[in-house]
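Below is one structure, written out as structure tokens; comments come after it.
Each reported figure results from applying straightforward, stated rules to the coordinates on display, with no laboratory input. Everything numeric here is computed off the predicted structure, so don't read it as measured data. Using ideal geometry, Cβ is built from the backbone for each residue, glycine included, and neighbour counts are taken over all protein chains shown.
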Amino acid sequence: MLSLWMVLAAAGVLALSGLPACLLGSPSSTGQRAATLLMVIGSGLGLGGLVLSLGQAAPPALGLAWLLPWGQFAVTIDSISILFLGPVFVVPALGAIYGLGYWRSSEHPDNGRRLGLFYGLLAGSMVLVTIARDGVLFLIAWEVMALAAYFAATVEEDNAEVRRAGWVYLVATHAGTMCLLAMFALWRHATGSFALEPSAAALAIPAGVAGTIFVLALLGFGFKAGLMPLHVWLPGAHANAPSHVSAVMSGVMLKMGIYGIVRMTALLPVGAWWWGGVLLAAGAITGVAGLAFAIGQHDLKRLLAYSSIENIGIIAMGLGLALLGRSLDRADWVVLGMGAALLHVWNHSLFKSLLFFNAGAIIHAGHTRDMDQLGGLARQMPRTMMLFVVGAVAICALPPLNGFAGEWLLYVGLFRTLGPGPGPDLGAGAGLPVVAVAAVALAMTGALAVACFVKLLGAVFLGSPRSPLAQHAHDPPASMMAPMALLAAGCAGIGLFPMVASPLLEDAARTWAALPDSSATIASLAPLRWITALGLGLVVLIIALVLALKVLPRAKVVARTGTWDCGYAQPTTRMQYTGSSFGQTLVELFAFVLWPKRHWPAIRGLFSSSAHYKGVVPDTVLDRLVLPLFHVAGRYLPNLRVLQQGQTQMYVLYVLVIVIVLLIWGQMGGQP
Amino acid sequence: MTDRIVHMLVLLVLPPLLIGMINKTKAWFGGRDGPPLLQPYYDLFRLMRKGMVISTSTTWIFRAAPVVTLATVLLAGLLVPISRFHAPIAFTGDLILFAYLLGLARFFTTAAALDTGSPFEGMGAAREVTFACLTEPALFFALLVLAKASGSLTLTQMLHGPVGGFAAATAAPLVLVAIGLFIVILAETCRIPVDDPNTHLELTMIHEVMVLDHSGPLLGVILYASAIKLCILGTVLLHVVAPFTTGQVWLDVPLFVLELLGLTVVIGVVESVMARLQMRHVPYLLIAAMLFCGFGFLLLVR
């Protein structure tokens, strides 16, 4: 019970951490330091609570009555909550420390306090979202989270682009909330209460209603998580928010959407096979298309945002596999799919926060988000680059870092859908080989991720500077480096020792679904100890080879010259491959999804003068589907303005009329 | 123990000979004598005794890339069984590690190319990562077929096949997969028709152009690593197309080496009779590889 109170206290401390700074009046660094200290204390308290709750047999629960007419204040910490709370207690606190150097209140006197206030509120509300066990409480926490994120992401509201991104986010998040309102109403109707606890009534929900609830959950939470094509708000909001807010939004807040899907599917009765199929297909499409969009971007934070969409796709593939396993009674798919999805939730929160922090350092140094203006930062910011390489290798799911461990579980799970073969590795149950095609999609995301992050690394850090923007760049202060270093250490730690997480993952998988087969464990299905052995082996081998090269008698640098220029006498740094040229072939291969806007140079005459090429990859769904739809709505819906009189009495009259109509309908025998 | 020693010997010593064999074949086709069969070994020894010239624009990535590449292909080589022996390292799911180790090598090779700031090397790196996006799905379709046909997720068992050999019903899918894998090998080891390892026109190359600035021991390490890569990818293919065994352990290894040399002759013949494709046509070839492997998969699970 103590653990639950600690987590609740942590939620309170996090949520109110920005308050002292606001009370202090004048913008001062004391207020920001106090907020950061409170964030760290709150997170420490929360992590302590999580550790305490690990040892307990039954999940600690609490139910208090409140004054609202519906529901009650019900909270519980089970193993699913623990897994999602981990990133909530790690990333925002590190982000606050990072903010000490990145968003100094002395440099941002007009919005520093506002940012601190809503940043803390965002973190605190996410804690409540993951432990709430009542529909009403959940929705309150959900809405506080959504609005706090809006106010934190739009602090630079004097910029029109920020306002636009904030507006799109606000519309999208409320479209999602609308689905959730419908979902909880249906849930209440089907089970008789708002309680989000497994119950006999919940298990007795008829298949049609359960399917509707699932679809509504998928839409409502999909908006938040960023499943394609519901991702429209994500690139703009992530690109225009301060970098530590982007890190929290991408690393943690998107996962609340995933949490919602996990929680609701855990409560619903075992569904039809299409539940998992839909999620798996959506995940595969989101994964491949997300990266295809990422490769076309010039804005480094937009690129990272699209890569977040891709990672959400990978998580959704894991959940889809687990759902399929639950429908078809394959415990091994459930354990591997759920294990992979939840491990990837952790992994993504680590490396994506690292990369967003890194992006903030780059923007500080280069004063631009356009990576085609940067280049050669490696010499001025060697430590930042080192940490960036760690994050990039991790996000490409390459061994020996954490991204690989998660995707490896997912691969093994997907391969096991092939169905029985002559050998023992694929399991005995009937398979669903068409699902295994998802492994091919996953392989494609792997190759695309390498392309995407080599592009980012090369365009920003390698080569020579393409513009004088970053000539005074240097490594950021320790307050920004330390959080990045900690996150990088986390990537390496989970990458080399993933089995540390496996008891927790198995526990969560068993909380999520009642598995008949207790022999299906991660250790027996996918020997993670081998990942440890070979990861360490790779590191040792690399070190040994470096040493071997060192002892070669004459393996020394005998000359340092310019790069080989193929005989061209006057190479300039503007001749380097830019990020855009690097990704161009891939953008063309995927042109059927991306619909890039290109402006080709017109070459006239024998000695053509300067020419200009411009290529942009806008968000297809937003620019070609959503915005035209809103324009059409904007043209025709004003006719309905007749109803909007601006007089409160009239509005109340509408309510009266509608209630009377409903009353008549009820009397006539319609459903109440 | 003996099998591990033999495995290491084959993995470490044989690869440069394969490159020599390809070059010899091409020379024969061109009516020349060509360089000696052992020329790649001489080249490696010569490069190891040289100093290095390094570009002023490079960072540690440039020097780390060859080492990381060699380490990853060596580790990947330990996962692939040679002849009828078990691979020294075999565990459930090692096939994924195999593919991703090669991905790690690609990450560092292409990053090192961008490190020089040369437009040519950037061009090569862009092509490498682009084409990998098409070969990777082909490779995974092939791995799916092998996993299903053998019922195993361990490379050793997948390539050796189930006890008593692959079932007759898997023959057609395996043939399709073998064709797809052959194209993947040509692309991954930078052979004609995808890439030309001998040309000196930087605009037309992929792999060679990425390592233009490496010299001395670093270049030697790169050449050695790419030879090893050819050896292990060729081994994978040979297990699919020529799973022959004599039943005599002491005969199996020489037979296997002969098969590998035969494969390099085939590659040399392909290089001699074909022209390099236009760069914009290479994706079609790679998509064809994906289709072969994909149809193999469909045939098997239908």
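Once you have the Cα-Cα distance between A:Thr573 and A:Leu656, take 0.36 nm times their residue separation minus that, and quote the gain in nm to one decimal. Kindly include the intermediate steps, with their values, before the conclusion.
Details: separation 83, 0.36 × 83 = 29.88 nm, distance 7.15 nm.
So the extension gain works out to 22.7 nm.
Just to confirm a number: summing +1 for Lys and Arg and -1 for Asp and Glu over residues other than A:Arg598 whose beta-carbon lies under 10 angstrom from that of A:Arg598, what do you get?
Details: positive: A:Lys597, A:Lys614; negative: A:Glu588.
Charge balance near A:Arg598 sits at +1.
Return the distance in nm (one decimal) between the two label points of a simple spin-label model at B:Phe29 and A:Ser29, each offset 7 Å from Cα along Cα→Cβ.
Each label point is offset 7 Å from its Cα along the Cβ direction, giving 6.9 nm.
Give me the inter-chain shielding for B:286-297: mean count of other chain Cβ atoms within 10 Å, whole number please.
On the way: counts 0, 1, 0, 0, 2, 0, 0, 1, 2, 0, 0, 5.
Per-residue shielding by partner chains comes out at 1.
Return the single residue from B:Pro173, B:Pro137, B:Pro36 with maximal mean-square fluctuation; model: Gaussian network over chain B, springs between Cα atoms under 10 Å.
B:Pro36
List B:Lys229, B:Lys148 from most exposed to least, where exposure is judged by having the fewest other Cβ atoms within 10 Å. Write out the running numbers ahead of the final one.
Numbers: B:Lys229 23, B:Lys148 26.
Final ranking by Cβ density, sparse to dense: B:Lys229, B:Lys148.
Rounded to the nearest 500 deg cm²/dmol, what is the calculated helix-only ellipticity per residue at 222 nm for chain A, with -39500 (n - 2.57) per DSSP H run of length n ≥ 4?
On the way: 26 runs with 436 residues, N = 672.
Rounded to the nearest 500, the figure is -21500 deg cm²/dmol.
Please give the length that would be gained between A:Ala523 and A:Leu663 if that part of the chain were fully extended, namely 0.36 nm times their separation in residues minus their C-alpha to C-alpha distance (nm, one decimal). Intermediate results must be reported in sequence, preceding the final value.
On the way: separation 140, 0.36 × 140 = 50.40 nm, distance 5.94 nm.
Between A:Ala523 and A:Leu663, full extension yields an extra 44.5 nm.
Which whole number of Å³ per residue matches the convex hull of the alpha-carbon atoms in the range A:523-672?
Numbers: hull volume 64.1 nm³, N = 150.
Hull volume over Cα atoms, normalised by residue count, gives 427 Å³.
Once you place label points 7 Å from the Cα toward the Cβ at A:Cys566 and A:Ala182, how far apart are they in nm?
Distance between the two pseudo-spin positions: 5.7 nm.
How much of the pair distance distribution for the range B:65-211 lies past 26 Å, counting alpha-carbon pairs only, in percent? Numbers along the way, then the final one.
Values: 3431 of 10731 pairs.
So the pairs more than 26 Å apart make up 32 percent of the total in the range B:65-211.
Return, ordered by residue number, the residues of the range A:141-165 whose backbone nitrogen is under 17 Å from a label point located 7 Å along Cα→Cβ of A:Ala633.
Only A:164-165 fall inside the zone, counting backbone N under 17 Å.
For the range B:116-198, what value does the Rg/Rh ratio take when both radii are computed over Cα atoms and Rh is the Kirkwood radius, given to two decimals?
Details: Rg = 16.4 Å, Rh = 14.6 Å.
With Rg and the Kirkwood Rh in hand, the quotient comes to 1.13.
³J(HN,Hα) across the range A:203-220 via Karplus (A = 6.51, B = -1.76, C = 1.60, θ = phi - 60°), whole Hz, x for Gly/Pro?
So the Karplus estimates, Gly and Pro as x, are 6, 8, 4, x, 4, x, 5, 4, x, 5, 4, 4, 5, 4, 5, 4, 5, x Hz.
So how many Å³ per residue does the convex hull of the Cα atoms of the range A:1-80 work out to?
On the way: hull volume 8.9 nm³, N = 80.
For the range A:1-80, the hull spanned by Cα atoms encloses 111 Å³ per residue.
What list of ³J(HN,Hα) couplings, whole Hz, do you get for the range A:481-497 from phi and the Karplus terms 6.51, -1.76, 1.60, once you set θ to phi - 60° and write x for glycine and proline?
With the stated coefficients, the range A:481-497 comes to 6, 4, x, 5, 5, 4, 5, 4, 4, x, 4, 5, x, 5, x, 8, 10 Hz.
Mind jotting down the distance between the C-alpha centroids of the range A:637-672 and the range A:357-409, whole Å?
56 Å
Quick check on chain A: what are the equivalent-ellipsoid semi-axes from the Cα gyration tensor, as sqrt(5λ), descending, whole Å?
Details: eigenvalues 333, 203, 148 Å².
Rounded to whole Å, the semi-axes are 41, 32, 27.
Taking a cut-off of 19 Å between Cα atoms, list the aspartates and glutamates near B:Lys148, but don't count ones fewer than 8 places away on the same chain.
A:Asp332, A:Asp425, B:Asp94, B:Glu136
Please say if the range A:189-260 is rounded, prolate or oblate, where rounded means a/c under 1.5 for a ≥ b ≥ c the square roots of the C-alpha gyration tensor eigenvalues, and otherwise the choice is prolate for a/b larger than b/c and oblate otherwise?
Working: a/c = 4.46, a/b = 2.39, b/c = 1.87.
In terms of gyration-tensor shape, prolate.
With a ≥ b ≥ c the root eigenvalues of the C-alpha gyration tensor of the range A:103-158, is it rounded (a/c under 1.5), prolate (a/b larger than b/c) or oblate? Kindly include the intermediate steps, with their values, before the conclusion.
Details: a/c = 4.79, a/b = 2.63, b/c = 1.82.
Since a/c reaches 1.5 and a/b is larger than b/c, the shape of the range A:103-158 is classed as prolate.
Just the projected area, averaged over all directions, of the convex hull on the alpha carbon atoms of the range B:149-270: how many nm²? Intermediate values should be presented prior to the final figure.
Numbers: hull surface 38.0 nm².
Answer in nm², one decimal: 9.5.
Quick check of the Kirkwood formula: for the range A:255-332, what is the inverse mean of 1/r over all pairs of different Cα atoms, in Å?
This gives a value of 13.1 Å.
Based solely on its DSSP helices, what 222 nm [θ] is calculated for chain B when runs of n ≥ 4 H residues each add -39,500 (n - 2.57) and the sum is averaged over all residues, nearest 500 deg cm²/dmol? Walk me through the intermediate numbers first.
On the way: 12 runs with 208 residues, N = 302.
About -23000 deg cm²/dmol.
Once you charge only the Cβ atoms, +1 for Lys and Arg and -1 for Asp and Glu, what is the size of the charge dipole of the range A:508-568 about its Cα centre, to the nearest 20 debye? Write down the numbers at each step before the final one.
Values: 6 positive and 2 negative charges, 75 e Å.
The calculation lands at about 360 debye.
Could you tell me what % of all Cα pairs in the range A:344-438 have separations over 21 Å?
On the way: 2303 of 4465 pairs.
Every Cα pair in the range A:344-438 considered, those over 21 Å come to 52 percent.
Less than 12 Å apart at the alpha-carbon level, and either on another chain or at least 8 residues along: which aspartates and glutamates does that give for A:Lys352?
Partners within reach: A:Glu310.
Could you give the C-alpha radius of gyration of chain B expressed as a fraction of 2.2 N^0.38 Å, taking N as the number of residues it contains?
On the way: Rg = 18.8 Å, N = 302, 2.2 N^0.38 = 19.3 Å.
Compared with the compact-globule rule of thumb, chain B sits at 0.98.
Put +1 on the Cβ of every Lys and Arg and -1 on every Asp and Glu Cβ in the protein assembly as shown; which of A:Ile309, B:Leu186, A:Leu196 then has its Cα farthest towards the positive end of the dipole?
In the protein assembly as shown, that residue is B:Leu186.
Based on other C-beta atoms within 10 Å, arrange A:Met126, B:Met48 from fewest to most.
Ascending number of Cβ neighbours within 10 Å: B:Met48, A:Met126.
What number, in percent, do you get for the relative contact order of chain A if the mean sequence gap of Cα pairs under 8 Å and at least 6 apart is divided by its residue count?
On the way: 1103 pairs, mean separation 81.4, N = 672.
Dividing the mean separation by the residue count of chain A yields 12 percent.
Hey, with R₀ at 25 Å, roughly what FRET efficiency would A:Ala160 and A:Glu107 work out to, going by the Cβ-Cβ distance, to 0.05?
Values: r = 22 Å, r/R0 = 0.87.
Efficiency computed from Cβ-Cβ geometry: 0.70.
With unit charges on the beta carbons (Lys and Arg positive, Asp and Glu negative) and the dipole taken about the Cα centre of the range A:317-473, which residue among A:Cys452, A:Ala359, A:Asn347 sits farthest to the positive side?
The residue sitting most towards the positive pole is A:Ala359.
Using Cα pairs under 8 angstrom and six or more residues apart, how large is the relative contact order of chain B, in percent?
Details: 445 pairs, mean separation 91.1, N = 302.
Once normalised by length, the contact order is 30 percent.
My understanding is that a pair violates if its Cα-Cα distance is over 29 Å; which of A:Lys255/A:Lys301; A:Lys301/A:Lys614; A:Lys597/B:Lys229 do that in this structure?
Numbers: A:Lys255/A:Lys301 19 Å; A:Lys301/A:Lys614 19 Å; A:Lys597/B:Lys229 39 Å.
Over 29 Å apart, Cα to Cα: A:Lys597/B:Lys229.
Run down the aspartates and glutamates and flag those whose C-alpha is under 12 Å from the C-alpha of B:Lys26, throwing out any fewer than 8 positions away in its chain.
Hits, sequence-local ones excluded: B:Glu271.
Between the DSSP loop rule and a limit of at most 15 other Cβ atoms within 10 Å, which chymotrypsin sites (Phe, Trp or Tyr not before Pro) in the range A:77-178 are left?
Those that pass, being in a loop and sparsely packed, number zero.
Treat the count of other C-beta atoms within 10 Å as a stand-in for reagent exposure and order A:Ser81, A:Ser518 from fewest to most.
On the way: A:Ser81 26, A:Ser518 8.
In order of increasing Cβ crowding within 10 Å: A:Ser518, A:Ser81.
Would you please classify the overall shape of the range A:1-146 from the alpha carbon gyration tensor, given that a ≥ b ≥ c denote the square roots of the eigenvalues, rounded means a/c under 1.5, and beyond that prolate means a/b larger than b/c while oblate covers the rest?
Values: a/c = 2.59, a/b = 1.70, b/c = 1.52.
Prolate, since a/c reaches 1.5 and a/b exceeds b/c.
Scattering from the C-alpha atoms of the range A:450-527 alone, worked out with Debye: what is log10 I(q)/I(0) at q = 0.13 1/Å?
-0.71
Quick one: of the DSSP bridges fully inside the protein assembly as shown, what percent are antiparallel, nearest 5? Kindly include the intermediate steps, with their values, before the conclusion.
Values: 10 of 14 bridges.
Counting only bridges with both partners in the protein assembly as shown, antiparallel ones make up about 70 percent.
Between the alpha-carbon centers of the range A:54-121 and the range B:1-80, tell me the distance in whole angstrom.
Taking the Cα centre of each part, the range A:54-121 and the range B:1-80 sit 54 Å apart.
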